[in-house]
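Written out below as structure tokens is the structure these notes cover.
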Amino acid sequence: MIPRIQNWARSERGDFVIFTHPRGEADGVIRYCERVRPVRTLEEQLAIVVPAFRDASTSAIVELTTHEGEAAAMVTVRATCEGAPFALVIGTVFGDDFQSTLSATTTVTTSVDDLERLVRSALAHDALALGVRRRAARHVGPMGWTRETHGFVTEWIAPSQDAVIRVAPCEPHTTHDPLAMFVAVALEEGRVFDAADGPYDLPSAGGETWSAWRLTGRNADRELLCDVAILHDAHYDYAVTLESLHELAHARYRDAFTAVLASVKPRASIRCSSDAVLAASAHWAL
């Protein structure tokens, strides 16, 4: 839930909490819903919203992190509605299987920047109290590969079907060795590794360093090569693997693997939820 907004009227309608500018809805209104399913990216939301307006233009999507460490994003749409200028700021905070959504509108063109700042602050203070938990790893997959998801696990299958990059969930720190856990799970699934070479270092998006190992083994009667990369930060363990059936495929997809590693965004440190009252810009709030 986002905090109260100083001087703005607060009301509830169904699942929505609505904040209205002191001078009325034309100057500004914010609609917030804490639990929305299914989860849609801002690109998907824009594809639904933009065709409803004339002469619509959109800003770049801004990625944010809330005070609780959750991923968030916002975007602004400027358009014409019933012959008058109109601005819509869309914001969202991504949970695991849901998102909280926020839409803010104004017909006062000089107030758009103020509205954007208020939305940014509201998203940052959105308190979902989800805590440190197992969660999907944010990353960018290789172009042309097929994506499959299994719970919090994401698999990217090579176009030629001879390799897979598997992005495991972010796991809260435990006393278990992530590499040993990976080998144990692989054994349960029928993959047996005989040798390991490493560790060696690979860069990450957050400036930390991945520790990687090359494992060799077999799956049934077939050769199996696997690179396992593991990263630790203040709260989580991350693991990404590249598995292939022969050395040629492994070499071919090495760059795709390192690109996925470089794209993984470590989850932000969890900070305490805030019960602050948001303050709009003084010249706009009254």
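The values are calculated or read from the model by the stated rules, or taken from the named source; none is laboratory data. Keep in mind the model is a prediction, meaning the values are calculated, not measured. All Cβ positions, even for glycine, are placed from backbone atoms using ideal geometry, and neighbour counts span all protein chains on display.
Residue count for segment 1-27 under the criterion of being among the hydrophobic types (A, V, I, L, M, F, W, C) and in contact with a Ser or Thr (Cβ under 7 Å, 6 or more places away or on another chain): the result is 4. Are any residues in segment 76-121 closer than 22 Å to R267 by Cβ and either of a type in the set (A, V, I, L, M) or surrounded by fewer than 22 Cβ atoms within 10 Å (Cβ to Cβ) (or both), and if so, which ones? Selection gives V93, F94, G95, D96, D97, F98, T101, L102, R120, S121. Scanning segment 227-265 for residues that are surrounded by fewer than 20 Cβ atoms within 10 Å (Cβ to Cβ) and in a loop (DSSP other than H, G, I, E, B) yields D233, A234, H235, L245, H246.
Would you be able to say whether some residue in segment 132-148 is in a strand (DSSP E or B), out of contact with any Leu (no Cβ under 9 Å at 6 or more places or on another chain), at pLDDT 90 or above and of a type in the set (A, V, I, L, M, F, W, C)? No. Residues that are touching a residue at least 40 places away in the same chain (Cβ under 8 Å) and of a type in the set (A, V, I, L, M) within segment 168-182 comprise A168, L179, listed in sequence order. When R4 is tested against (1) of a type in the set (K, R); (2) outside the structural domain of S111 (by TED's automatic domain parsing); (3) without any contact (Cβ under 8 Å) to a residue 12 or more places away in the chain, just one condition goes unmet, and that condition is (3). Scanning segment 143-172 for residues that are crowded, with 16+ Cβ neighbours inside 10 Å, touching a Lys or Arg at 6+ places or on another chain (Cβ under 7 Å) and not hydrophobic (A, V, I, L, M, F, W, C) turns up T154, E155, P169, E171.
Whether any residue in segment 89-107 is over 19 Å from the mean Cα position of the chain (by Cα), in the same structural domain as A56 (by TED's automatic domain parsing) and assigned to a loop (DSSP other than H, G, I, E, B) is what I want to check. There is at least one residue in segment 89-107 that is over 19 Å from the mean Cα position of the chain (by Cα), in the same structural domain as A56 (by TED's automatic domain parsing) and assigned to a loop (DSSP other than H, G, I, E, B). Would you point out the residue of segment 35-64, among those that are among the hydroxyl-bearing types (S, T, Y) and surrounded by fewer than 16 Cβ atoms within 10 Å (Cβ to Cβ), that is nearest to the chain's Cα centre (by Cα)? Once the filter is applied, the top-ranked residue is T41.
Assess whether T216 counts as being at pLDDT 85 or above and under 20 Å from P142 (Cβ atoms). Here the answer is no, as T216 does not meet what is asked. State the number of residues belonging to segment 26-62 that are closer than 17 Å to V77 by Cβ, at pLDDT below 95 and among the charged types (D, E, K, R). Counting residues in segment 26-62 that are closer than 17 Å to V77 by Cβ, at pLDDT below 95 and among the charged types (D, E, K, R) gives 5. Checking the stated criteria, A129 turns out to be part of a loop (DSSP other than H, G, I, E, B), under 22 Å from the mean Cα position of the chain (by Cα), modelled with pLDDT of 85 or more and closer than 30 Å to R4 by Cβ.
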